[in-house]
Structures are given as structure tokens and as C-alpha cells.
1. Relative contact order for segment 1-236: what is it in percent, counting Cα pairs under 8 Å that are at least 6 residues apart?
2. Which order do the peptides 189-201, 153-165 come out in when sorted by mean C-beta neighbours inside 10 angstrom, highest first?
3. Distance cut-off 28 Å, Cα to Cα: go down the list LYS28/LYS198; LYS63/LYS203; LYS17/LYS133 and report the pairs above it.
4. So for the pair ASN41, ALA216, with labels modelled 7 Å out along Cα→Cβ, what separation do we get in nm?
5. Using a 1.4 Å probe on the protein heavy atoms only, what accessible surface does CYS3 show? Give it in Å² to the nearest 10.
6. Charges on Cβ only, +1 for Lys and Arg, -1 for Asp and Glu, centred on the Cα centroid of the chain; of LEU229, GLY111, LEU31, which one is farthest towards the dipole's positive end?
7. Might you report the magnitude of the Cβ-based charge dipole of segment 1-236 about its Cα centre, with Lys and Arg at +1 and Asp and Glu at -1, to the nearest 20 debye?
8. Which value in Å does the Kirkwood hydrodynamic radius of segment 1-156 take, with 1/r averaged over all unlike C-alpha pairs and then inverted?
Amino acid sequence: LICEAYDLMKSLGMGQKEMADTFTEWNKGELDSFLIEITSNILNYKDKDGYLLERIRDTAGQKGTGKWTAIAALQYGVPVTLIGEAVFARCLSALKDERVRASKLIKGPEGKPAVPNKAEFLNHIKNALYCAKIVSYAQGFMLMREAAKDFGWHLNYGGIALMWRGGCIIRSVFLGNIKEAFTRNPQLSNLLLDDFFKDAIVKNQNSWRTVVADAALWGIPVPTMSAALAFFDGYRTERLPANLLQAQRDFFGAHTYELLGQEGKFV
């Protein structure tokens, strides 16, 4: 998510010092976290040849924790879409040679990204990052809750949030808000249903939609921000088009279906 925010800033022509200052400012508010802090430090870092970041090859490695999470999500049938997309984004980054060739052969939208008010758009990016971060944790806790059911665990979800805040790469002020949510309701089924997070995401969703829409029009990939938004819209939708999907499954393979109002009876 932070890499996508950085990429959007670069597309607007921002220099590293300006981007670093933006992340420093963001670290004073609701996005206060270890990762935002070090992003500012990285953007500011210079060696004898100048700023280092732009000279680092854009291929990300991985040790498997994201992949492990995505595999577990598929095994338990939990839509941890954001982490899945983050893993695939790393995989795509590893196709460096292919991307270099493709960049010379496949053209995207014409023109350069432009906004009427840069300060306002940066605020949109900040809000989009915050909303997507909420979804990331909501999905992660959904996965833990599903695994707990399967294994008969009694997990202290608020305590888990505080453990992460105690010292790890995802350490952030945000985790305290999660602890408070589970203190308010230990049986909370999804962070998106807690008043604090629900209000935050509803209040900032227009920024989120603006960023994802503009990125699509500009041809800038934002796989995790957009995956998070699609999940949010799916989760808050009473009726999804899966009725057609189930009808197709039954038409092809006699998988059966349930009728509304007759749940539990398979036709």
C-alpha cells in the first residue's frame, strides 16, 4: 500500500525530499507507524552518489509469510484479497526483464497524470491508504477467527494487536484502535462493523475511490488499494451476482443451489 502511494506521488512529479516530507507529516496522524517512519527516512537517504532509492532495482524478494497467509486464506475460504494481491505484486515485480520488453511494446493511456490541486490529492492518497489499511487488518482478523473456529482456539484479538504494537514491522498507533474495538466488543466479527473503523472508512471512502479511479485512468497499477476497495464494496453489498455463478455451476456440473427463503434445501 505504501509503495502504491509512493508510486502515485512520483507520477505527479514529486521529488524525493517532497515525498519524504509528506510521509513525515503523515506519521504525525492516524498513519503513525514504523513503516511510514522508515519510508520517510529511506526517501531522505543519500550516499556519495546522491539519493539511493531510485538506483535500487525494482524487484522485490519474499521469504514466504505473505504467500503462507494467502495459501491459508484459500484453505479456509477467507477473502484475504489485499495480502494476496501484495504477494502477486511482488511476483510481478520479479518479471523485470519481461516488463522492460513490454514497456517498449505496450502503450497505456496518453498524457501525464495531473491534478488541479496537489495538496488535496495528497490528502486523498493519505485517506485511501488509511481505508485500505483498515481492510487489510479486517481481512487478517477474519482469517484468524476462521482458523480459531477450526482449531478450537480462544484467541485474545485485542491482545494480539497489542503484541504487534510491542515491536514488529507492523507496529503502529492503529493497533491501539484495534485493541479498543475488541475491548468494546470481544465477539466482533469484523473490524469494519466497529463504529470507529466503520465511521473512518465511510468518511474517507470518496478519497479512496478518487485515487483508485484516477490511477486506473492514468494506467498506474494500484493492486492492493483497488483490491481492498472491491472487498469493501462486496462486503457491504446485500446481494452479489453469485446467484448467476451458482446457476452456471449447476447448469454445467449439477452442483445444486439454494433458493432465497429456502436456505438449507438444495435443489
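1. Across segment 1-236, relative contact order equals 27 percent.
2. 189-201, 153-165
3. LYS63/LYS203
4. Computed distance between label sites ASN41 and ALA216 equals 3.8 nm.
5. CYS3 exposes around 100 Å² with every protein chain in place.
6. Selected residue: GLY111.
7. Magnitude of the dipole: close to 400 debye.
8. 18.1 Å
The values are calculated or read from the model by the stated rules, or taken from the named source; none is laboratory data. The model shown is predicted, which means the values in this text are computed figures rather than measured ones. FYI the Cβ positions are ideal-geometry reconstructions off the backbone, even for glycines, and counts take in every protein chain you see. When the accessible area is computed, the model is the full protein with side chains, heavy atoms only, and any ligands, DNA or RNA have been set aside. Shrake-Rupley method; radii C 1.70, N 1.55, O 1.52, S 1.80 Å.
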